[in-house]
Amino acid sequence: KEELSALNLYTELEMARYPEKLEVVYNISSDLNTEKLFVPPLLLQPFIENAILHGVLPKHKGGTVTLTIAPEAENLTICIEDDGIGVEASQSIQRKKSGYYNQKHRRGIHRRRLSGMEITKARIAMLQEYGKRKPSGVQSFSSEEIGTRFQFEIPQIKHQNYDESMHY
């Protein structure tokens, strides 16, 4: 419940900043009791933020970000989709805009930084292991014509079973 509430506050703020360019849709299955459902903190926000900043906002007309959460056996299937410009086009814009990519490679600096998305994907893999299932990671699809979709499963953790010592 807390993660969805915090995410809703974040998306409301972004929609207020970009009222003509951004719509966020939540498709939360009615089969889920969101009062007792536990989604680890900041698990969804990096995906939503990326969809907004790198998918929808660079698109001339803006677009929609959709979060879908549905139960599947003992898991939750989570899907974050946008109808933005796609990963490849976004990366191209970022490289041109910052010039950082070219400067970094001209100087021969090849240090790799972990992004928030990579860290979040690692957290999802740990959650999948916690759910006693083979980690399937995060599936993604992206194209300039359709946008980007990330989908993954995590075990359903009821709020009363959550152990504060688990840091996912």
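For Asn75, the residues whose amide H sits under 5 Å from its own are Gln156, ignoring neighbours fewer than 5 places away on the same chain, with H placed 1.01 Å from N. For the range 1-56, what class follows from the C-alpha gyration tensor (a ≥ b ≥ c being the square roots of its eigenvalues): rounded when a/c is under 1.5, otherwise prolate if a/b is larger than b/c, else oblate? Cα axes put the range 1-56 in the prolate bin. Peptide packing: for 142-150, 32-40, the average count of neighbouring Cβ atoms within 10 Å per residue gives the ranking 142-150, 32-40, highest mean first. Under the simplified labelling scheme, the Leu32-Leu53 pair shows an inter-label distance of 2.4 nm, with each label point 7 Å from Cα along Cα→Cβ. Projecting the Cα positions of Cys79, Tyr10, Ile28 onto the charge dipole of the range 1-93 (unit charges on Cβ atoms of Lys, Arg, Asp and Glu, taken about the Cα centre) puts Tyr10 furthest along the positive direction. Extending 7 Å from the Cα toward the beta-carbon at both Ser5 and Glu72 defines two label points whose distance is 2.9 nm.
Read-outs throughout are calculated quantities, based only on the coordinates presented, and are distinct from any laboratory measurement. This structure is a prediction, so every number in the text was calculated from the model and none was measured. All Cβ positions, glycine included, derive from the backbone under ideal geometry; neighbour counts span all protein chains shown.
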